[in-house]
1. Among the residues of the stretch 57-75, write down those that are surrounded by 15 or more Cβ atoms within 10 Å (Cβ to Cβ) and at pLDDT below 95.
2. Output yes when any residue across the stretch 137-149 is in contact with a Ser or Thr (Cβ under 7 Å, 6 or more places away or on another chain) and at pLDDT 95 or above, and no when none is.
3. Among (1) more than 26 Å from TYR224 (Cβ to Cβ); (2) modelled with pLDDT of 90 or more; (3) hydroxyl-bearing (Ser, Thr, Tyr); (4) within 27 Å of the chain's Cα centre (by Cα), where does THR43 come up short?
4. Would you check which residues across the stretch 150-186 are acidic (Asp, Glu), touching a strand residue (DSSP E or B) at 6+ places or on another chain (Cβ under 6 Å) and free of Cβ contacts under 8 Å to residues at least 40 places away in the same chain and list them?
5. Tell me which residues, restricted to the stretch 170-218, are surrounded by 15 or more Cβ atoms within 10 Å (Cβ to Cβ), part of a strand (DSSP E or B) and of a type in the set (Val, Ile, Thr).
6. How many of the residues in the stretch 1-32 are within 25 Å of SER91 (Cβ to Cβ) and either not in a helix (DSSP H, G or I) or not aliphatic (A, V, I, L, M) (or both)?
7. Six or more apart or on different chains, Cβ under 6 Å: which pairs go from a residue in the stretch 131-149 that's within 21 Å of LEU215 (Cβ to Cβ) to one that's assigned to a helix (DSSP H, G or I) and aliphatic (A, V, I, L, M)? Could you list them?
8. Among the residues of the stretch 220-227, are any free of Cβ contacts under 8 Å to residues at least 60 places away in the same chain, surrounded by fewer than 17 Cβ atoms within 10 Å (Cβ to Cβ) and not aliphatic (A, V, I, L, M)?
Amino acid sequence: MSNSKRLDYVLVHAGIGSRKTVKGLVRKSDVLVNGVRVRDSSTHVKFGDTISVDGEEIEFKEFYYFMMNKPPGVVSATTDPREKTVLDLLSESDQKKSVFPVGRLDKDTEGLIFLTTDGKLAHTLLSPNNFKIKSYIAQVSSEISKADIAFFRKGIILDDGYKTAPARLEIIEDNPHKCSIDLTEGKFHQIKRMFEAIGKEVIKLKRLSIDSLNLDESLLPGEYRELTEEEIVKLRGIE
């Protein structure tokens, strides 16, 4: 991406308003770039420039990165005609930043959702050729056996005939109904279908991590925050 953008583009994506609204705003209001008043919305600004509208400084970032602790009952989509989406949980200004969820969690699955405007990074994380590990914790209907662990390790044939890539299944906390799962794929309802294939039902499922990005456990269900610079560097380091 170019290191400069039109001022109206920046103000729209900062949540100031529509492009039409922003053009009028620039003509009539006190819009400063590095302390200099600007009246042409097509003026190009660079990352690192200081931009303010009526004395309020405007955030100007190349990309936005958020992590959310998705609650159950919310769908991982940008829009949905019937259901509440993860974007509906964002503040009004953050909704206008045009972030999108990277991958998906089922409606009743909770945990880590990564939202960004960085399409290249999203593609890297989602591509099955890159074998990026996603980790989950699950509660299942019946005890997990050593044979189940071996099935996961070898790959499981799903109801449509697809054989999954090898995945790690491990019993945790000495509770044979509770387990952690690491896998590199993201097929539709994959974990639930893998357990169904071995005669078990997933009662509860939560995603804990995507590659190097770990869910901030201080986030309550439905809460989110921007990624730290360290988290962004680690994620982008896989490109």
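The values are calculated or read from the model by the stated rules, or taken from the named source; none is laboratory data. Worth saying up front: this structure is predicted, and the values here are computed from it rather than measured. Backbone-built Cβ (ideal geometry, glycine too); neighbour counts: all protein chains shown.
1. We begin by selecting, within the stretch 57-75, every residue surrounded by 15 or more Cβ atoms within 10 Å (Cβ to Cβ); these are 58, 60, 63-72, 74-75.
Within the stretch 57-75, ILE58, PHE60, PHE63, TYR64 qualify.
2. Yes, there is a match, as at least one residue in the stretch 137-149 is in contact with a Ser or Thr (Cβ under 7 Å, 6 or more places away or on another chain) and at pLDDT 95 or above.
3. It fails just one condition, (4).
4. Step one: of the stretch 150-186, the residues acidic (Asp, Glu) are 159-160, 170, 173-174, 182, 185.
Right, trim to touching a strand residue (DSSP E or B) at 6+ places or on another chain (Cβ under 6 Å) and you get 170, 182.
GLU170 - this is the single residue of the stretch 150-186 that is acidic (Asp, Glu), touching a strand residue (DSSP E or B) at 6+ places or on another chain (Cβ under 6 Å) and free of Cβ contacts under 8 Å to residues at least 40 places away in the same chain.
5. ILE171, ILE181, VAL202, ILE210 - these are the residues of the stretch 170-218 that are surrounded by 15 or more Cβ atoms within 10 Å (Cβ to Cβ), part of a strand (DSSP E or B) and of a type in the set (Val, Ile, Thr).
6. Looking only at the stretch 1-32, we keep the residues that are within 25 Å of SER91 (Cβ to Cβ), and these are 1, 5-26, 29-32.
Of the ones still in play, those that are also either not in a helix (DSSP H, G or I) or not aliphatic (A, V, I, L, M) (or both) are 1, 5-6, 8-9, 13-21, 23-24, 29-32.
Selection size over the stretch 1-32: 20.
7. Taking only residues 6 or more apart or on different chains, the pairs are LYS132/LEU125.
8. Step one: filter the stretch 220-227 for residues free of Cβ contacts under 8 Å to residues at least 60 places away in the same chain, giving none.
Scanning the stretch 220-227, I find no residue that is free of Cβ contacts under 8 Å to residues at least 60 places away in the same chain, surrounded by fewer than 17 Cβ atoms within 10 Å (Cβ to Cβ) and not aliphatic (A, V, I, L, M), so the answer is no.
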